[in-house]
Amino acid sequence: MLMAPKEILKIENLTTHFYTWAGVVKAVDGVSLEVKEGETLGLVGESGSGKSVTALSILRIVPRPGRIIDGKIIYKGENLLEKTESEMEKIRGKEIAYIFQDPATSLNPVFSVADQLIEVIRRHQNVTKEEALEKAIELFRLVEIADPEIKIWSYPHQLSGGMKQRMAIARALSCQPSLLLADEPTTNLDVTIQAQILELMKNLKKKLGMSMILITHDMGVVAGVADRISVMYAGRICESAGTKTIFYNPLHPYTRALLEAVPNIAMKREKLKIIPGAIPNLVSPPSGCRFHPRCDFAGPACVSAVPPLVEIEPEHYVACVRAKEFSGKLPSRS
Amino acid sequence: MKKEKSTKLELQYQNEKSRPKGVSQWNIAWRRFKKNKAALVGALIIGFVMFLAAFDSLIAPYPPNATPGFYVGEARVPPSLKYLFGTDKLGHDVFSQVVYGARSALYVGFGAAAIAMSLAVLVGLVSGYYGGLVDNVLMRITEIFLVIPFLLILLVFLKVITAVAPASIGGLSIVTLMIGVFSWASNARIIRGEVLRVKESEFIEASKALGASKRRIIFRHIFPNVLHIIIVLTTLMIATAILVEAAVSFLGFGDPAAITWGHQLQLANEAVKEAWWEGVFPGLFITLLVLGFNLLGNGLRDALDPRLRE
């Protein structure tokens, strides 16, 4: 792997399993990825492919019965998995912040927005309540909420979905984190608000010089925002490359299938291609390449061995034994 | 602590006429509560009994510390203008005793509820939040308390403890303590259930992701979100405690020195036919006060339920 000194986060072989009654769910099974300073990494995949669990693992807040059992999460040169719980509490919110999918439920309903922002600010910064309130109002300006002095006293149930997500973003940004984990931040918003929020996040990232991991299943969202994309399937990364490369030269059949499943305006009365089948049961995932039961190009080699993530071309990592064949010429799916 | 903070923040807006103000859950609850007639009646009854308890020595025509206490003289006089609720067989004025009994009833009700609810909240929060082994152990202990025949064990304990305890500790305090200690279990289970629901909420995960400690999450984020349940349970617990105390006193296991409605009922028991007023009036007050707390509790439940919208 490229050892650029500028990477802010590097995950190696992260393995997070859930110990349920039905068996061990291998939600994240050997994920490696990296985020460079100032970069936005798009983490893409179907529902249930382990994107959120990966992000929760970074902050070490995987809900029970989940446990991180292996790997390294190196943030600014230090392995987060070796930190104590109280050291982690200082990192959460201050160094690495998290934006949740559903703004409606990620705010505490019994406190005003001001109280919630002040709480986070005072937790990580040594300021008085009045100073914290000033900062909170400043943050509200930053996330482009009109009349911040008045709106800040609202309770979550008085705000609209878009406003709540702005408020959640303001809370995540309150201590100027270096890394922002955004877990489908726009999924529950309607399309116009979605575009606004994405534009806002893009600008804020630039303004504050943060790095970001944007988790989504929407290829359209990552196309506009991400610098690089990692595609996840069934707990593993199958392809990692620059955004352009992913869109114009996808080498993993899963990436290609995902792209083909996006409606295209140039498409004339064609039926949208779907990926047959569903994401496999992660208690007993398929052997070898986990995508092989749904893959059009699967051969015997795909069933027997786990394909490693290899650098096919500079900065383009693919975990597929047949990736070399696909390079340049893309066989079309039937 | 919360109040102090809001007043401090308010200072900033002293000069502005239109200080921005959000509508908190409390505002909404109060608006709903005001509309509930039954709950207001309940509150009124409780207010009335509290008034009696606060000014008992002024209201009661024959206070116990007067000579002769509670007017000792004419026995078994039916209600009249002189003796509003009549007198009992020892010549005590029933009305005065009822007035003085209000304080005992409230003392036992609030005291026992405070003890029971403190235990219930502590067990419920810890058990619900930590889960696992802690939850398992605490819930098994809770179950032990739930399967004990409540009144029976209470009577046995009271008999033993009043015999052992020094006389300086009031008998009524022991009754209160015992009721509190034996009635937290079912409330703890209800609170635990609520905690289990709340702790799965995304905002709990969010505060974890923002670096909040476990203690902070339990007391600052989960506790306010289960507070409405706690308030309602407390109200109903007060009513239960008053009833239990009355039952204990009626059975003769209470503090014989204390003036309580239950004790009055016990004395009245032997002459229901000849002197109905001895039992009817204290009984009426027990019923009234318990009804008041129940109405209030129901009203609070409707007002505080976050799932109901106006």
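Every read-out reported here was derived from the displayed coordinates using simple, explicitly stated rules and does not represent laboratory data. Since we're looking at a predicted model, the values are computed, not measured. Here the Cβ positions follow ideal geometry from the backbone for every residue, glycine too, while neighbour counts run over all protein chains shown.
So here's what we get for this one:
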quantity	calculated
Dipole in debye (nearest 20) - the range B:164-289, about Cα centre, beta carbon charges: Lys, Arg +1; Asp, Glu -1	900 debye
Label-point separation in nm, A:Asn203 to B:Arg216, each point 7 Å along Cα→Cβ	3.0 nm
A:Arg60 long-range amide H proximity, modeled H, under 5 Å	none
Euclidean distance between Cα centres, the range A:87-164 to the range B:71-115, Å	57 Å
Selection from B:Leu300, A:Leu309, B:Ile190 lying farthest towards where the dipole of the protein assembly as shown points positive, charges on Cβ	A:Leu309
Net dipole in debye of chain B [+1 Lys, Arg Cβ; -1 Asp, Glu Cβ; about Cα centre; nearest 20]	1500 debye
Convex hull volume per residue in cubic angstrom - Cα atoms of the protein assembly as shown	216 Å³
Modelled FRET efficiency - R0 41 Å, B:Leu227 with A:Lys72, Cβ distances, 0.05 increments	0.45
Computed label-point distance, nm, for sites A:Val306 and B:Ser57 using a 7 Å Cα→Cβ extension	8.2 nm
FRET efficiency for A:Val191 and B:Arg197, using Cβ-Cβ distance with R0 set to 35 Å, rounded to 0.05	0.60
Peptide A:93-99 - average C-beta neighbours from other chains (10 Å radius)	3
Per-bin percent of Cα-Cα distances, the range A:1-143 [10 Å]	10, 32, 33, 21, 4, 0
Full-stretch length increase - B:Lys159, B:Trp30 - with 0.36 nm per residue and alpha-carbon distance subtracted	42.0 nm
For residues of A:272-280, the mean tally of beta carbons on other chains within 10 Å	0
Of B:Ile179, B:Ala120, B:Ser104, farthest towards positive along the dipole that unit charges on Lys, Arg, Asp, Glu beta carbons give the range B:40-304	B:Ala120
Chain A: mean projected area of Cα convex hull, nm²	18.4 nm²
Under 5 Å, built H, 5+ apart or other chain: amide partners of A:Met232	A:Val44, A:Gly45, A:Cys238
Options B:Gly211, B:Pro61, B:Leu81, ranked by Cα towards positive dipole end of the protein assembly as shown, top entry (Cβ charges)	B:Gly211
Ordering of A:226-236, A:81-91 by burial proxy (mean other Cβ atoms within 10 Å per residue, highest first)	A:226-236, A:81-91
Share of Cα-Cα pairs in the range A:44-103 lying beyond 20 Å, as whole percent	28 percent
Interchain or long-range residues, amide H under 5 Å from A:Ala27's placed H	A:Phe18
For the range B:142-158, 3J(HN,Hα) per residue [Karplus equation, 6.51 cos²θ - 1.76 cosθ + 1.60, θ = phi - 60°, Hz, x = Gly/Pro]	4, 5, 4, 5, 6, 8, 5, x, 3, 5, 4, 5, 4, 5, 4, 4, 4
Averaged over A:100-108, number of beta-carbon atoms from partner chains that fall within 10 Å	5
In Hz, Karplus ³J(HN,Hα) per residue of the range A:289-295 (6.51, -1.76, 1.60; θ = phi - 60°; x = Gly, Pro)	6, 6, 8, 4, x, 10, 8
Relative contact order of chain B, defined on C-alpha pairs under 8 angstrom at six or more residues apart (%)	26 percent
Additional length obtainable on full extension of the chain from A:Glu313 to A:Ser47, 0.36 nm per residue less Cα span	92.9 nm
Helix-only mean residue ellipticity at 222 nm for chain B, each DSSP H run of n ≥ 4 adding -39500 (n - 2.57), per residue, nearest 500	-23000 deg cm²/dmol
Dipole magnitude of the protein assembly as shown about its Cα centre (Cβ charges: Lys, Arg +1; Asp, Glu -1), debye to nearest 20	920 debye
Chain A: relative contact order as a whole-number percent, Cα under 8 Å and 6+ apart	20 percent
Gained length - A:Phe297 relative to A:Val24, 0.36 nm times residue gap less alpha-carbon distance	95.4 nm
Calculated from backbone phi, Karplus (6.51, -1.76, 1.60) coupling profile of the range A:38-49 in Hz, x at Gly/Pro	x, 9, 10, 9, x, 10, 10, x, 5, 4, x, 8
Kirkwood-based shape ratio for the range B:40-304, expressed as Rg/Rh from alpha carbons	1.07
C-alpha center-to-center spacing [the range A:218-289, the range A:19-77] in angstrom	18 Å
Residue exposure sequence - A:Arg92, A:Arg123 - by fewest surrounding Cβ within 10 Å	A:Arg123, A:Arg92
A:Lys90-B:Val272 pseudo-label distance in nm [points 7 Å out on the Cα-to-Cβ vector]	7.3 nm
